[in-house]
1. Only residues that are in contact with a Leu (Cβ under 8 Å, 6 or more places away or on another chain), β-branched (Val, Ile, Thr) and modelled with pLDDT of 90 or more: list them for the stretch B:16-57, please.
2. Strands (runs of 3 or more DSSP E) wholly in the stretch A:1-102 with at least 1 residues that are on the phi < 0 side of the Ramachandran plot, crowded, with 21+ Cβ neighbours inside 10 Å and without any contact (Cβ under 8 Å) to a residue 24 or more places away in the chain - which ones?
3. Got a number for residues in the stretch A:42-60 being hydrophobic (A, V, I, L, M, F, W, C) and either farther than 25 Å from residue A:30 by Cβ or at pLDDT below 90 (or both)?
4. Give me the residue from the stretch B:77-116 that is among the acidic types (Asp, Glu) and more than 14 Å from the chain's Cα centre (by Cα) and, out of that set, farthest from the other protein chains (Cβ to nearest Cβ).
Amino acid sequence: AQRVTQPEKLLSVFKGAPVELKCNYSYSGSPELFWYVQYSRQRLQLLLRHISRESIKGFTADLNKGETSFHLKKPFAQEEDSAMYYCALSRPYGNNRLAFGKGNQVVVIP
Amino acid sequence: GAVVSQHPSRVICKSGTSVKIECRSLDFQATTMFWYRQFPKQSLMLMATSNEGSKATYEQGVEKDKFLINHASLTLSTLTVTSAHPEDSSFYICSAKIAGGQETQYFGPGTRLLVL
């Protein structure tokens with residue numbers, strides 16, 4: 001069964017400092033990986049997916065199959081980045097079912 | 001675009017009653033919708049996959065007779081919590097995938113259920 005692990009629950013960083021959220025997964029095949037974000041009092045929304053290989057709001061994430069990781073990074077955190085971040089995995093041809101990690105609460109200190 | 005709504009946003013009911021939650025895709029058609037449950041400070045747990053015009057697919061450990069899912073149209077899926085009990089109190093979230101589109105799921109705002 002696929003599993004997604006996000007080790008840190010709460011991450012506090014100062015504005016302008018780099019932020020990295022770790023995500024490791026266990027799946028024997030080639031999954032699709034996503035990062036979802038939930039801002040305060042808002043619904044869950046897609047931040048980025050590994051297939052797109054793009055930077056969204058300054059965030060990037062690289063899929064490392066050797067380390068089975070999909071860490072989320074941003075070089076300079078902004079106050080508006082304070083939110084809950086979830087790493088998620090979907091199996092190709094698996095009916096799009098997502099398995100979520102437990103999430104990281106990011107607090108950016110002004 | 002790609003907005004998903006849920007109704008109601010919050011519901012309080014007595015133990016033993018049934019509660020229906022609606023999930024609508026407002027500006028797109030969704031052949032597949034998903035129902036999640038989220039406990040406080042926990043992650044989203046997939047309950048079932050709702051397929052338009054066919055039976056829902058439930059995840060292991062989720063009682064299909066307890067959580068009835070109906071996906072009668074391309075824009076509406078309903079989750080009915082039957083004979084609700086206090087342990088069913090939770091945050092229920094739906095998501096929808098654009099028919100024929102990419103794998104991106106668009107999430108509803110969630111429904112807070114409190115069973116007294």
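The values are calculated or read from the model by the stated rules, or taken from the named source; none is laboratory data. Only a predicted model underlies this, so the values are computations on that prediction, with no experimental measurement involved. Heads up, the Cβs are rebuilt from the backbone with ideal geometry, glycines too, and the neighbour counts pull from every protein chain shown.
1. Listed by number, the residues that qualify are B:19, B:21.
2. Details: elements: A:3-5, A:10-14, A:19-21, A:24-26, A:32-38, A:45-49, A:72-74, A:83-90, A:98-100.
Counting at least 1 such residues, we get A:45-49.
3. Summing the residues that are hydrophobic (A, V, I, L, M, F, W, C) and either farther than 25 Å from residue A:30 by Cβ or at pLDDT below 90 (or both) in the stretch A:42-60 gives 2.
4. So in the stretch B:77-116, the residues among the acidic types (Asp, Glu) come out as B:87-88, B:103.
Still in the running and more than 14 Å from the chain's Cα centre (by Cα): B:87, B:103.
Numbers: B:87: 21, B:103: 5 Å.
Going through the qualifying residues, I end up with B:87.
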